[in-house]
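Asker: Would you mind keeping the following structure in view while I ask a few things?
Just so it is clear, none of the values below were taken in a lab; they were calculated from the coordinates. Model, not experiment: these values are computed from the prediction. For neighbour counting, all protein chains shown are included, and Cβ atoms are generated from backbone atoms with ideal geometry for every residue, glycine included.
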Amino acid sequence: MRAITVPQPGGPDALVWAEVPDPEPGPGEVIVRVRASAVNRADLLQRQGHYPPPPGAPAYLGLECSGVIDTVGPEVTGWAVGQEVCALLAGGGYAERVAVPAGQLLPVPAGVDLVDAAALPEVACTVWSNVVGVGRLETGDTLLVHGGGSGIGTFAIQLGAALGATVLATARTTKHPRLRELGAAHTIDYREQDFVEEVDKATDGRGADVILDILGGSYLGRNVAALATGGRLVVIGMQGGRKAELDLGALLTKRASVSATALRSRPLAEKAAIVRGVRDEVWPLVAAGKVRPVVDRRLPMAEAAEAHRLVESSDHVGKVLLTVG
Ligand SMILES: NC(=O)c1ccc[n+]([C@@H]2O[C@H](COP(=O)([O-])OP(=O)(O)OC[C@H]3O[C@@H](n4cnc5c(N)ncnc54)[C@H](OP(=O)(O)O)[C@@H]3O)[C@@H](O)[C@H]2O)c1
């Protein structure tokens with residue numbers, strides 16, 4: 001089969017579509033013939049040599065895919081050859097075939113095209129487990145989503161709105177109309193506005209109950225300032241650095257919490273539990289049209305370098321897909 005390889009870590013042109021050995025299904029795994037994968041921010045780091053796959057994961061890039069089950073390995077029940085699926089991966093989506101632990105497979109939600117389904121697993125699992133699981137978002141809460149135009153952000157806005165929260169989102173101004181269409185009640189240009197002030201205005205001084213943050217260090221103090229009493233800050237990205245000073249007094253006064261999680265390195269059983277939760281609680285919202293894949297564009301897998309350049313520029317809204325065949 002062919003896969004995107006990285007013979008030498010570096011810029012987008014380090015990505016090479018090359019012949020590699022076929023994957024074999026281990027116990028509890030299936031082989032998926034890939035129809036599409038999606039570019040995640042983490043893939044850019046892996047390409048540069050900064051984010052190696054966890055032990056046992058496929059060596060190639062790609063944290064999610066859609067496609068058709070091609071082979072069912074030993075000890076797998078409930079899945080059959082020929083079924084259309086999408087999957088959460090620890091790696092290997094940028095390829096013609098990939099071995100997937102059966103617990104990380106999802107059916108393609110009703111009404112979603114097989115290619116577009118590749119836009120869903122990583123964002124659905126990350127956003128649902130952090131916003132609903134860790135953040136305990138409830139109907140009537142205010143949710144602040146940083147990076148509202150990202151793959152993660154576009155999904156978080158829709159999920160928050162579908163669950164009855166008031167969603168505020170930060171993004172550059174050009175992306176605001178799209179984010180409002182997706183369900184954001186207020187959009188904030190983080191380049192020109194102070195998001196703490198804007199959250200304060202939008203919530204009549206109450207603050208945000210849940211903040212989904214992708215900036216990390218550079219936003220820590222201001223995120224705590226933007227939290228409501230009892231608020232939950234959930235950090236899932238460190239685009240603004242990994243270190244910052246935290247004023248525990250501010251947290252203590254608000255009885256607020258700060259959590260941080262990563263999905264890729266979790267044990268298989270934890271990922272399978274998240275995938276089950278997404279299937280039970282999020283897939284019905286997708287099938288009902290309340291949450292949809294947001295696809296900026298589709299490019300052929302052989303043009304992965306172009307897709308990485310686009311995601312690096314952040315000019316996209318939602319997901320950039322890489323198609324096979
Ligand atoms: N922990 C986990 O398990 C997990 C899983 C998946 C993803 N993530 C993280 O989630 C983040 C989003 O991933 P993705 O693949 O969806 O990314 P993406 O589509 O590449 O989007 C990145 C976004 O960052 C925004 N941004 C940059 N600086 C910003 C700032 N100062 N304030 C607000 N937004 C800013 C950009 O928006 P503008 O164009 O508006 O600047 C862009 O939309 C990444 O940091 C990724 O590592 C974490």
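Asker: Taking N as the number of residues in the stretch 161-204, what is its alpha-carbon radius of gyration divided by 2.2 N^0.38 Å?
Answerer: Details: Rg = 10.3 Å, N = 44, 2.2 N^0.38 = 9.3 Å.
Working it through for the stretch 161-204, the quotient is 1.11.
Asker: Under a plain spin-label model, where a point goes 7 Å from the Cα along Cα-to-Cβ, how far apart in nm are SER314 and GLU75?
Answerer: Each label point lies 7 Å from its Cα, and together they span 4.3 nm.
Asker: Quick one: Karplus J couplings for the stretch 316-325, per residue in order, coefficients 6.51, -1.76, 1.60, θ = phi - 60°, nearest Hz, x for Gly and Pro?
Answerer: Each residue's phi maps through the Karplus curve to give 7, 10, x, 10, 9, 9, 10, 9, 10, x Hz.
Asker: Take the Cα radius of gyration of the stretch 1-152 and divide it by 2.2 N^0.38 Å, with N its residue count; two decimals is plenty. Before the final figure, lay out the partial values.
Answerer: Working: Rg = 16.2 Å, N = 152, 2.2 N^0.38 = 14.8 Å.
Computed over Cα atoms of the stretch 1-152, the ratio equals 1.09.
Asker: Also, quick follow-up: ALA262 to ALA287: extension gain in nm, 0.36 nm per residue of separation minus the Cα-Cα distance?
Answerer: Details: separation 25, 0.36 × 25 = 9.00 nm, distance 2.70 nm.
Gain on stretching ALA262 to ALA287: 6.3 nm.
Asker: Through the Karplus equation 6.51 cos²θ - 1.76 cosθ + 1.60, θ set to phi - 60°, convert the phi angles of the stretch 255-272 into ³J(HN,Hα) values in whole Hz; use x for Gly and Pro.
Answerer: Running phi through 6.51 cos²θ - 1.76 cosθ + 1.60 with θ = phi - 60° gives 6, 9, 9, 10, 10, 9, 9, 10, 8, 4, 8, 5, x, 3, 5, 5, 5, 5 Hz.
Asker: Stokes-Einstein at 37 °C, 0.692 mPa s, Kirkwood radius from Cα pairs: D for the stretch 181-244 in µm² s⁻¹?
Answerer: Values: Rh = 12.2 Å.
Translational diffusion coefficient: 269 µm²/s.
Asker: Output the 0 to 90 degree angle, nearest 10, between the alpha-carbon long axis of helix 151-162 and the longest principal axis computed from the alpha carbons of the chain.
Answerer: In the chain, helix 151-162 runs at an angle near 60 degrees to the longest axis.
Asker: How large is the convex hull of the Cα atoms of the stretch 177-298 per residue, expressed in Å³ as a whole number?
Answerer: On the way: hull volume 20.4 nm³, N = 122.
Once divided by residue count, the hull of the stretch 177-298 is 167 Å³.
Asker: Whose amide H sits under 5 Å from the amide H of VAL295, counting only residues 5 or more places off or on another chain, with H placed in the peptide plane?
Answerer: Answer set, sorted by chain and number: LYS319.
Asker: Let me ask you something else. Find how many whole Å separate the alpha carbon centroid of the stretch 16-49 from the alpha carbon centroid of the stretch 66-105.
Answerer: Computed from Cα coordinates, the inter-centre distance equals 11 Å.
Asker: Let me ask something additional. At a temperature of 20 °C and a viscosity of 1.002 mPa s, determine how fast the stretch 266-325 diffuses translationally according to Stokes-Einstein, using the Kirkwood radius over alpha-carbon pairs as Rh; express D in µm²/s, rounded to the nearest whole number. Spell out each step's value before the answer.
Answerer: Numbers: Rh = 13.8 Å.
Estimated diffusion coefficient is 155 µm²/s.
Asker: How would you classify the stretch 27-115 from its alpha-carbon gyration tensor, with a ≥ b ≥ c the square roots of the eigenvalues: rounded for a/c under 1.5, else prolate if a/b is greater than b/c, otherwise oblate? It would help to have the intermediate numbers written out before the result.
Answerer: On the way: a/c = 2.39, a/b = 1.43, b/c = 1.67.
Taking the square roots of the gyration eigenvalues as a ≥ b ≥ c, the stretch 27-115 is oblate.
Asker: Percent antiparallel among DSSP beta bridges with both residues in the chain, to the nearest 5? Write out the running numbers ahead of the final one.
Answerer: Working: 28 of 52 bridges.
Percentage antiparallel, nearest 5: 55.
Asker: In straight Cα distance, which aspartates and glutamates are under 17 Å from LYS319, not counting same-chain residues fewer than 8 positions off?
Answerer: Correct list for LYS319: ASP43, GLU64, ASP113, ASP116, GLU122, GLU181, ASP296, GLU303, GLU306.
Asker: Using Cα pairs under 8 angstrom and six or more residues apart, how large is the relative contact order of the stretch 152-272, in percent?
Answerer: Working: 189 pairs, mean separation 20.7, N = 121.
Contact order relative to length: 17 percent.
Asker: Could I ask something else about it? Where Rh denotes the Kirkwood radius from the mean inverse Cα pair distance, what is Rg over Rh for the stretch 1-66?
Answerer: Answer for the stretch 1-66: 0.95.
Asker: Still on this structure, I have one more. Using the Karplus equation 6.51 cos²θ - 1.76 cosθ + 1.60 (θ = phi - 60°), what ³J(HN,Hα) coupling, rounded to whole Hz, does each residue of the stretch 107-117 give in order, writing x for Gly and Pro?
Answerer: Once rounded to whole Hz, the list reads x, 5, x, 3, x, 10, 5, 4, 5, 4, 4.
Asker: Starting from the eigenvalues of the Cα gyration tensor, five times each then square-rooted, give me the equivalent ellipsoid semi-axes of the chain, largest first, whole Å.
Answerer: Values: eigenvalues 223, 85, 66 Å².
Semi-axes (√(5λ), whole Å): 33, 21, 18.
Asker: What residue among ALA304, HIS50, LEU251 has its Cα farthest toward the positive end of the dipole of the chain, where the charges are +1 on Lys, Arg and -1 on Asp, Glu, each on the Cβ?
Answerer: After comparing all options, I get LEU251.
Asker: What lysines does LYS254 reach when the alpha-carbon gap must be under 26 Å and sequence neighbours fewer than 8 apart in one chain are set aside?
Answerer: LYS201, LYS243
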